[in-house]
């Protein structure tokens, strides 16, 4: 499956207040991961589960991240990992209609420049 916009939702079932996470160093580490375009951190309301909403450039890179980096993080934290992948290309028009920041005019222009 060849997609240029793949979203990954991940959640690690642990109770860890977000203030206790060393997110600056984690961000540095994650930015080295192949194909990762962005991450929006998530912290569960009343549960303190941790996770994120990620954008990748391919299904292959998203899967590699899930079974590599995320699986290792869940193991180190002693938590269970839930991961789901989503087709970002299929929902582009509908998402633009809802003013999604992942489909902004600037991103569309950059995509057109890259394709040229």
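Of all residue pairs spaced 6 or more apart or on separate chains, those with beta-carbon atoms under 8 Å, a first member in segment 1-28 that is touching a residue at least 24 places away in the same chain (Cβ under 8 Å) and a second member that is exposed (fewer than 13 other Cβ atoms within 10 Å of the Cβ) and in a loop (DSSP other than H, G, I, E, B) are 3/89; 4/89; 5/89; 14/78; 15/47. If you go through segment 87-100 and keep only what is within 17 Å of residue 9 (Cβ to Cβ) and either modelled with pLDDT under 90 or loosely packed, with under 15 Cβ neighbours inside 10 Å (or both), you end up with 87, 89, 90, 95, 100. Can you find a residue in segment 73-85 that is modelled with pLDDT of 95 or more, within 12 Å of the chain's Cα centre (by Cα) and surrounded by fewer than 13 Cβ atoms within 10 Å (Cβ to Cβ)? Yes, because at least one residue in segment 73-85 is modelled with pLDDT of 95 or more, within 12 Å of the chain's Cα centre (by Cα) and surrounded by fewer than 13 Cβ atoms within 10 Å (Cβ to Cβ).
Residues of segment 67-81 that are within 18 Å of residue 30 (Cβ to Cβ) and touching a strand residue (DSSP E or B) at 6+ places or on another chain (Cβ under 7 Å): 70, 71, 73, 74, 77, 79, 81. Taking the numbered list (1) in contact (Cβ under 8 Å) with a residue 24 or more places away in the chain; (2) more than 12 Å from the chain's Cα centre (by Cα) in turn, residue 32 passes all entries but (1).
The values are calculated or read from the model by the stated rules, or taken from the named source; none is laboratory data. A quick note: this is a predicted structure, and the numbers were derived from the prediction, not measured. We place every Cβ from the backbone using ideal geometry, glycine too, and count neighbours over all the protein chains shown.
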